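The values are calculated or read from the model by the stated rules, or taken from the named source; none is laboratory data. The model shown is predicted, which means the values in this text are computed figures rather than measured ones. The accessibility values were calculated without ligands, DNA or RNA, using every heavy atom of the protein model including side chains. Shrake-Rupley method; radii C 1.70, N 1.55, O 1.52, S 1.80 Å.
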Amino acid sequence: MNLKVFASLALVLFDTANAVPSFVPKAAATKQALSIRGGAGPLDPDITAKVLIGALGVQGAYSYLAPNKIHELYGVPADKLSNLLNGCTGSLFLMWTIAAYGVLFTDMSTIKAIGAAQIPITVSNLRNILNGDSESSGCSMPAQWVNLAIESFVAYACLSGADYATTAAKARAVYMGLAAIQCRFAPEAALETWGVYSNHRSPVAIFEEKLLGQQGITTAVLIGALVSNVDPYKALGYSVIPALLSSLLFVSSGDFEKIGIHLAKIYPWMALVVVSVVTLSL
């Protein structure tokens with residue numbers, strides 16, 4: 001499965017969207033509509049969204065800034081590749097957080113929020129290329145440069161308000177979603193796609209690749225929903241449904257225990273996601 005092909009297909013798929021205005025405004029009168037809709041259950045949707053964004057933002061920042069330390073927090077032994085993958089997962093958490101917070105709680109347009117959300121992962125990939133972490137972990141360097149170019153292009157298009165910004169954001173969601181599905185459900189094939197051969201793939205690294213896929217799918221759903229003018233609160237709720245289903249699959253398959261993660265550390269996260277899905281999506 002070739003990720004470069006995915007990128008080409010995504011751009012072709014959305015080529016006809018160039019006539020769409022590049023700035024997609026936030027849903028009109030979201031707060032008024034929300035007061036009518038009310039959300040499901042007794043919890044306030046605003047507070048629920050802020051708690052969810054804050055919790056995932058903190059998790060993302062920790063993984064992004066100290067990827068080797070997050071493994072210690074969960075009592076999991078790590079290696080160079082798993083640390084690299086964990087840092088990438090952190091950048092996806094931050095992409096989700098910035099896009100969600102920007103649309104819901106600032107005056108940013110949807111497209112500018114998506115553009116700003118590309119910055120952490122762009123910086124992370126550039127850093128990993130320049131300091132040699134990507135190469136020493138076994139990653140294909142041409143693939144890393146291609147990925148960096150895609151991220152930089154989308155960030156520029158969205159932040160500059162280019163005519164093709166909406167198309168770029170949609171293509172980004174498709175490309176990221178397809179790549180993330182492979183990472184989640186065929187992690188070893190995904191690692192091979194990026195040039196990482198079997199001698200670099202530890203059980204923890206394979207698990208981290210699955211987590212990378214989980215968060216990539218979550219972020220792709222959010223960006224795709226936002227750029228398609230779905231109500232921002234509902235988009236937030238919809239986006240974490242894949243994370244909930246993936247986590248349930250992790251639990252049922254025993255993947256957490258296989259690498260030494262105690263389920264007691266996972267259940268609070270799952271509870272937060274369940275509450276968020278019920279409150280924001282229904």
Problem set entry | 3J(HN,Hα) from dihedral phi, region 56-68, Karplus parametrisation 6.51/-1.76/1.60, rounded to Hz, x for glycine, proline | 6, x, 5, 4, x, 5, 5, 5, 5, 8, 9, x, 6
Problem set entry | Area projected by the alpha carbon convex hull of region 60-214, averaged over all directions, nm² | 8.9
Exercise. Using a probe of 1.4 angstrom, how much of the accessible area of region 151-282 is carbon and sulfur, in percent?
Worked result: 68
For this session: Please pull out the direction-averaged projected area of region 135-211, using the convex hull of its alpha-carbon atoms, in nm² to one decimal place.
Result: 5.4
For this session: Report, in deg cm²/dmol and to the nearest 500, the calculated mean residue ellipticity at 222 nm for the chain, where each DSSP H run with n ≥ 4 adds -39500 (n - 2.57) and the sum is divided by the residue count.
Result: -23500 deg cm²/dmol
Exercise. How much length, in nm to one decimal, is gained on full extension between LEU248 and HIS262, taken as 0.36 nm per residue of separation minus their Cα-Cα distance?
Worked result: 3.6 nm
Problem set entry | Accessible area in square angstrom per residue, region 60-203, 1.4 angstrom probe | 39
